[in-house]
2 protein chains.
Amino acid sequence: MNYYILDKTNIIEYLNSIENVKAYFGGDNLSIDEIGDGNLNFVFIIKSEKNKNKALILKQAVPYLRCVGEEFPLNRERMTYEIRALQSFSEKTPLHTPLIYDANEQMSAVVMQYLDEHIIMRKGLINEVIYPKFADHISTFLAHNLFKTSSLYLNSTSKRKCMDKFNSNTELCKLTEDFVFTFAFIEHETNDIYAKGHESAKKLFEDEKFKKAVLGLKYKFMTQSDALLHGDLHTGSIMLNKKQTYVIDPEFSFVGPFGFDIGALIGNLIMSYTSHMAQETEITYCEWILDLIEEVLTKFESKFLDLWNEQNESALITSTFIKEKELNEFKKEFMLNILRDTVGFSGCKMTRRMFGIAGVEDIREIKDLKKRDKAIKHTLKISKRFVKHYKEIENIQDVITIIKGDK
Amino acid sequence: MNYYILDKTNIIEYLNSIENVKAYFGGDNLSIDEIGDGNLNFVFIIKSEKNKNKALILKQAVPYLRCVGEEFPLNRERMTYEIRALQSFSEKTPLHTPLIYDANEQMSAVVMQYLDEHIIMRKGLINEVIYPKFADHISTFLAHNLFKTSSLYLNSTSKRKCMDKFNSNTELCKLTEDFVFTFAFIEHETNDIYAKGHESAKKLFEDEKFKKAVLGLKYKFMTQSDALLHGDLHTGSIMLNKKQTYVIDPEFSFVGPFGFDIGALIGNLIMSYTSHMAQETEITYCEWILDLIEEVLTKFESKFLDLWNEQNESALITSTFIKEKELNEFKKEFMLNILRDTVGFSGCKMTRRMFGIAGVEDIREIKDLKKRDKAIKHTLKISKRFVKHYKEIENIQDVITIIKGDK
């Protein structure tokens, strides 16, 4: 099938060519709505006219950045990697991945479950919603998807095949290299206008020790092929309610360092925390976020280790190679390295949101500039420390202590 | 062109279909000899009957291990990676790579310069030959090929393309994972018969701390995508004389950790040293090997840094990102990490040669078993220390001190 751009005039015909979709709607007349909030892609809601509860989403990548237009070309092959990652996540954590009805790499299009009872997590956090199941859900998502695409689980051949499938997501990896690890830490034309003359921006851009540590983390991002990552796991890539959690939008997926996805998530939870602290939200909500961070880290570690303990043979370890005592020591050190990387990447992810091109609503939308600055300063205090000292972290409690600012 | 196995009956016709080869021989009648010493592949010497100084080598991979036969199948695509690596080395260090006349991935065959004035380095070292230019040559080879295929030189897209070209050399990477990092450190059917009941083997197989450190190094080997490696750079993969040095046989090539190639080389030089020490060779020759090791490490570091200092823009660093002082600190720490990895991999490479499937002639061919055991013990003393303590190395002098046994 040759690629063409889907729109209201041709989408029904396209959908009717897909058996799974036809079966889902059972021949009902369909209504099509475009959702305008996608930055990169076109997103359509397809509904049965007879039964509005029957609905699917169609997402298609176009060869440019949707929110800017054709003057910002961006390879539509990004959808190839989104599709492949969704398929991988579906296998490992079907409860936390939207159900896929059709995936077409040639058309750069995917048809999937419409999550109409869920909201973007960032919005929920801004509105002070408590999600009692989230730590459990996301730690399952992280542990299973990271462990099961790593050399601790796969055999050598399968690991290389996995790398092969994602290695050419070059353009989106480059976006991360530029926007997460580079431009937001120097004077740069892409930075937010708010950076101009801002005291904290000036101090950040002159912090050479911080930038030296960033280079080390950027190098890890580019060369450490631990496992298949979502690649952009902030709270805007999660849709949830109090009972269910879904991870969406993995177009930045590639095989990279374990700590990058966990770091992205933790960093975004911390920015929610500093945002609420600056805005003097009820302290119980702030404390809930802190507990959530600790719970995510703790549960991730224990679930990852559980999976590892069940696994006797992998590319790395054959069952009779080493005695249990030393293997357990090895695992302990391995988990500590993941935690350290998590903290380092988390620091980069937070810092770049302060003055870089893409802010987070939690902070950039604080109307009271005094409070916004308070949140920025608080975030930077944590994030700079994370980046400069991630190698000194010894356990999860150290991370929480830095966030709380007790030492 | 469909693959077929070349032999004396069809090789002339094949050669005549290659313009470069025809031009080289200028229509002379050709004589063909098979060299019987290739383990993996068929190797033919093609000579002009008129002028015996006109000669080329043709090397072809067959879908099995040549030295065993068809009952040991081995993907002939290994030649694809050998060809690609030779092409990459030719561009970067033409003086140290055999001249390629033809490379044909479909035929798994390469025609190249016949190195008739050079011998395999291992043989030269066994015969106590001094190579005054070797450190200079091999450090150039290592610095240029490693630096120029890394994220310190390439841009992000070119680095991923380089990974793509070598990522599927799965079978040979697996051989290394098994034979360099696993089987030789436990009781295993593939081990040398000499291991049976040998005191040093028993101690090695029970050294759980050693094996724990090996796991960390094996994990690095499998996941750290620094640069294009030769993948098997022992002294049997080097042909040289007092004036020239050529690196051959890169069928194990893939994108892996910087320290692996340097470590392989250093480890093999150390085994030459321990072999000569055990056999009470003239001390000046032993000292020359020690000086050589130091010179290789020192020159590699300075040449790698020279290349880096010339390079303002790469996937990792954009020119205005960081001040010179901190960049230099970063480089210094980076080089120290390469040195540490070098030491760790070197230790694995040496240790596996003691009782694993493939020994080195330097040691396994010592007829006097007392002396052989002395060499084995000496090697293990160094290699175990390398593996267990590579992270504590602070500079090149530390490495030499461990080899000399002064601490």
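How many nanometers, to one decimal and shortest first, lie between the label point of A:GLU199 and those of its other copies, if labels sit 7 Å from Cα toward Cβ?
Going from nearest to farthest copy, the values are 7.3 nm.
Please list the three semi-axes, largest first and in whole Å, of the ellipsoid equivalent to the protein assembly as shown, using sqrt of 5 times the eigenvalues of its alpha carbon gyration tensor. Intermediate values should be presented prior to the final figure.
Values: eigenvalues 516, 210, 126 Å².
Result for the protein assembly as shown: semi-axes of 51, 32, 25 Å.
Find every distance from the label point of B:ILE32 to the corresponding label point in the other copies (7 Å from Cα along Cα→Cβ) and write them in nm, one decimal, shortest first.
6.3
Which shape class, rounded, prolate or oblate, goes with segment B:141-293 when its Cα gyration tensor gives a ≥ b ≥ c as root eigenvalues, a/c under 1.5 marks rounded, and past that a/b bigger than b/c marks prolate? Mind dumping the intermediate values first?
On the way: a/c = 2.23, a/b = 1.24, b/c = 1.79.
It comes out oblate by the Cα gyration axes.
May I ask you to sort A:GLU199, A:GLU91 by Cβ crowding, counting other Cβ atoms within 10 Å and putting the fewest first? All intermediate terms of the calculation are to be shown ahead of the outcome.
Details: A:GLU199 9, A:GLU91 12.
In order of increasing Cβ crowding within 10 Å: A:GLU199, A:GLU91.
Give the aspartates and glutamates reachable from B:LYS243 as a straight Cα distance under 14 Å; neighbours fewer than 8 places away on the same chain don't count.
Partners within reach: B:ASP116, B:GLU117, B:ASP136.
Among B:LYS218, B:LYS22, B:LYS92, determine the one that fluctuates most according to a GNM of chain B built with springs between C-alpha atoms less than 10 Å apart.
Top of the fluctuation ranking is B:LYS22.
Of B:SER108, B:SER151, B:SER17, which has the largest mean-square fluctuation in a 10 Å C-alpha GNM of chain B?
Highest fluctuation among the options: B:SER17.
Can you compute the helix-only [θ] at 222 nm over chain B? Use -39500 (n - 2.57) per DSSP H run of at least 4 residues, normalise by all residues, nearest 500 deg cm²/dmol. Don't jump to the answer; show the numbers that get you there.
Details: 15 runs with 206 residues, N = 407.
After summing the helix terms and dividing by the residues of chain B, the value is -16500 deg cm²/dmol.
Hey, fewest Cβ within 10 Å first, where do A:GLU365, B:GLU105 land in order? Don't skip to the end; give the middle numbers.
Details: A:GLU365 11, B:GLU105 16.
Exposure proxy ranking, most exposed first: A:GLU365, B:GLU105.
Go through A:ILE363, A:ILE35, B:SER158 and say which Cα lies farthest out towards the positive end of the charge dipole of the protein assembly as shown; charges sit on Cβ, +1 for Lys and Arg, -1 for Asp and Glu.
A:ILE363
Output, in nm with one decimal and in ascending order, the distances from the B:LYS133 label point to the matching label points of the other copies (7 Å from Cα along Cα-to-Cβ).
7.2
Counting other C-beta atoms within 10 Å, which of B:LEU305, B:LEU265 has the fewest, and how do the rest follow? Write down the numbers at each step before the final one.
Numbers: B:LEU305 17, B:LEU265 29.
Ascending number of Cβ neighbours within 10 Å: B:LEU305, B:LEU265.
How big is segment A:11-113 in terms of Cα radius of gyration and Dmax, in angstroms?
Spelled out, the Cα radius of gyration and Dmax of segment A:11-113 are 14.0, 40 Å.
When we measure straight from the Cα of A:LYS161, which lysines land under 20 angstrom away, once same-chain ones fewer than 8 places off are left out?
Partners found: A:LYS92, A:LYS148, B:LYS159, B:LYS161, B:LYS165, B:LYS174, B:LYS218, B:LYS220.
Name the shape class, rounded, prolate or oblate, that the alpha-carbon gyration tensor gives for chain B, where a ≥ b ≥ c are the square roots of its eigenvalues, rounded holds for a/c under 1.5, and otherwise prolate holds if a/b is larger than b/c and oblate otherwise. Before the final figure, lay out the partial values.
Numbers: a/c = 1.60, a/b = 1.21, b/c = 1.32.
Cα axes put chain B in the oblate bin.
State which helices in chain B qualify, where a helix is a whole DSSP H run, it must extend 20 Å or more along its own axis by its Cα atoms, and its mean Kyte-Doolittle hydropathy must be at least -0.5.
Working: long enough: B:78-92 (22 Å, -0.81); B:208-223 (23 Å, -0.27); B:259-278 (27 Å, 0.82); B:283-310 (40 Å, 0.13); B:324-355 (48 Å, -0.53); B:369-389 (29 Å, -1.06).
Helix filter hits for chain B: B:208-223, B:259-278, B:283-310.
Quick one: how many lysine pairs does segment A:250-371 have with C-alpha atoms less than 15 Å apart and a gap of 8 or more or different chains? Give me the count, please. Please report the intermediate quantities before stating the final value.
Values: A:LYS299/A:LYS332; A:LYS303/A:LYS331; A:LYS303/A:LYS332; A:LYS323/A:LYS331; A:LYS323/A:LYS332.
Total qualifying Lys-Lys pairs in segment A:250-371 comes to 5.
Check the straight Cα-Cα distances from A:LYS50 and name the lysines below 27 Å, setting aside those fewer than 8 residues away within the same chain.
Reachable lysines: A:LYS8, A:LYS22, A:LYS59.
Any read-out appearing in this document is the output of simple, stated calculations on the displayed coordinates, not a laboratory observation. Everything numeric in this text was worked out from a predicted model, so none of it was measured. Cβ atoms come from the backbone with ideal geometry, glycine included; neighbour counts cover every protein chain shown.
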